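Q: Please find one structure pasted underneath; my questions will follow.
The values are calculated or read from the model by the stated rules, or taken from the named source; none is laboratory data. Everything numeric here is computed off the predicted structure, so don't read it as measured data. In this analysis, Cβ positions are derived from the backbone assuming ideal geometry, glycine residues included, and neighbour counts consider all displayed protein chains. Accessible surface is based on the protein model in full, side chains and every heavy atom, while ligands, DNA and RNA are left aside. Shrake-Rupley method; radii C 1.70, N 1.55, O 1.52, S 1.80 Å.
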Amino acid sequence: GHERWFKINKKFSYYRKLIILNLIIGLIPTIAVSSYLYYDKIATETDTLKEKLESASTIGADNVSQWIIDRKNNVLGIARNQMIIGNTKAILTASNEIELFNARIDLERQIHANFQTYDWLDEIIISDTNGNSLFHTGTTFVPRDFKDESYFQEAVGGNIGISEIFSSRNMIPNEQGTYEKGVPTLFISIPIRGEVGIEGILTA
């Protein structure tokens, strides 16, 4: 009886192992297919997310680039205004305090009109080509080594110079019109061209 039980048990153990082996073999394709589908889904979702991020990044970069181009063209228009050119020259060649005062008052009026037109404009500095300030609006921080800034030197060379974007150190209005520090800001320097050369540099 004992040997018979042992043979039955051994036979049952063999069948049980065979069944388990068949189950495992049967599960392998299922596991493989499931794993493939899972990782394929992850890869597809990752690619979709990357495409969305790249698209958003491109749109954002394009918007910023267009924003800078628009501002540059606006400032170029200010620097080409004949009254700005004439009064800059008048400041440089003034023979007395009255002439100097009148030229600065005229500049103040003309530039005030530009502030009304462009609400993003916070400050305008007019200087000679050595960086000495001739006219300055507002209270925004102006670097002491202004003349050494690359964007200023670009304008001295007859080109349009644009600074890196930086966070404002003073309280200035953001795009919603609320005053705060750390507003993304940049300087744009453009030569003020007279009849015979560059009269000065306008930095906005």
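Q: Only residues in segment 98-125 that are farther than 18 Å from L76 by Cα count as the first member; pair them with residues that are open to solvent by 80 Å² or more (accessible area, probe 1.4 Å), Cβ under 8 angstrom, at least 6 apart or cross-chain, and list the lot.
A: Pairs found: D106/M83.
Q: Could you list, in sequence order, the residues of segment 178-204 that are open to solvent by less than 50 Å² (accessible area, probe 1.4 Å) and modelled with pLDDT under 90? Steps first, answer last, please.
A: Let us first name the residues in segment 178-204 that are open to solvent by less than 50 Å² (accessible area, probe 1.4 Å), namely 182-183, 185-192, 194, 197, 199-204.
If the condition is that a residue be open to solvent by less than 50 Å² (accessible area, probe 1.4 Å) and modelled with pLDDT under 90, then G182, V183, T185, L186, G194, G197 are the ones that fit.
Q: Which of the residues spanning segment 111-144 are open to solvent by 40 Å² or more (accessible area, probe 1.4 Å) and either at pLDDT 90 or above or more than 24 Å from the chain's Cα centre (by Cα) (or both)?
A: To start, the set of residues in segment 111-144 that are open to solvent by 40 Å² or more (accessible area, probe 1.4 Å) comprises 112-113, 115-120, 122, 129-130, 132-133, 136, 138-139, 141-142, 144.
The answer is H112, A113, Q116, T129, N130, N132, S133, H136, R144.
Q: Can you tell me which residue is least open to solvent (accessible area, probe 1.4 Å) among those in segment 160-173 that are part of a loop (DSSP other than H, G, I, E, B) and in contact with a strand residue (DSSP E or B) (Cβ under 6 Å, 6 or more places away or on another chain)? Please lay out each step first, then the result.
A: Within segment 160-173, the subset part of a loop (DSSP other than H, G, I, E, B) is 160, 163-165, 168-171.
Subset that is in contact with a strand residue (DSSP E or B) (Cβ under 6 Å, 6 or more places away or on another chain): 160, 165, 168, 171.
On the way: I160: 62, I165: 93, S168: 11, M171: 109 Å².
Step by step, filter segment 160-173, then rank; the result is S168.
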